[in-house]
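Notes follow once the structure below has been shown.
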Amino acid sequence: DGGITQSPKYLFRKEGQNVTLSCEQNLNHDAMYWYRQDPGQGLRLIYYSQIVNDFQKGDIAEGYSVSREKKESFPLTVTSAQKNPTAFYLCASSSLGTTRSYNEQFFGPGTRLTVL
Amino acid sequence: QQQVKQSPQSLIVQKGGISIINCAYENTAFDYFPWYQQFPGKGPALLIAIRPDVSEKKEGRFTISFNKSAKQFSLHIMDSQPGDSATYFCAAYPMNRDDKIIFGKGTRLHILP
């Protein structure tokens, strides 16, 4: 999975709880991303970060929060404000070089979150 | 919002047959077109990619055909095998690196043994 680890693989959450999904990469990539995947919906961007201590909202950021304190780590918190959090969450990373082929996104193995 | 339209949503092919998945994009602000392969419970992995200055790229049994004027590109899997059964996503990378990558919604491919 390209040097990107996500944990846990499966996560169960009770309604009203916040949970944090871990994403770590050892590829020395500057950019990191969080996607949500639902059946038939493809990949939807939640948040992304191109530099430490900076991040931007994606298309579906409501109910989620992130931090980027280290280049290698980009944890995602699913808050109780997220009304339908059950989904497969994918973390990705990429370099920010000038040649497009070096900007390819590499994905982690994913975390499946289920709300009980 | 920029879109990449992928079809079909699902596809069943006999072993040994050719699997074809199509994608179409809406404007010319993209300069890199990869295909990703995703097995159940796993993250997507880059399969093959093409730049718009070539019309075809082949890697083993996998070929991308690119039609710049029609703004379409397709993935062909020759001699399809049961191990190819997976979900396939096309994507378009923007020339403006501050813009986000656009993904198709995926095609679930099943190869009959």
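The table for this structure:
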item: Boolean, residue B:71 is within 29 Å of residue A:5 (Cα to Cα), of a type outside the set (Asp, Glu), more than 13 Å from the chain's Cα centre (by Cα) and surrounded by 16 or more Cβ atoms within 10 Å (Cβ to Cβ); result: no
item: Verdict on residue B:97 being open to solvent by 40 Å² or more (accessible area, probe 1.4 Å), at the interface with chain A (Cβ under 10 Å from one of its Cβ atoms) and under 15 Å from residue B:33 (Cα atoms); result: yes
item: Counted residues, the stretch B:78-92 - those being assigned to a strand (DSSP E or B) and surrounded by fewer than 23 Cβ atoms within 10 Å (Cβ to Cβ); result: 2
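Quick grid of which residues meet (1) under 26 Å from residue A:58 (Cα atoms); (2) out of contact with any Ser or Thr (no Cβ under 6 Å at 6 or more places or on another chain):
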| residue | (1), (2) |
| --- | --- |
| B:17 | no, no |
| B:41 | yes, yes |
| B:49 | yes, yes |
| B:57 | no, yes |
| B:66 | no, no |
| B:70 | no, yes |
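The values are calculated or read from the model by the stated rules, or taken from the named source; none is laboratory data. Please read these numbers as outputs of a predicted model, since none were measured by experiment. Note that we place each Cβ from the backbone using ideal geometry, even for glycine, and neighbour counts take in every protein chain shown. Surface areas here come from the heavy atoms of the whole protein model, side chains and all, with no ligands, DNA or RNA. Shrake-Rupley method; radii C 1.70, N 1.55, O 1.52, S 1.80 Å.
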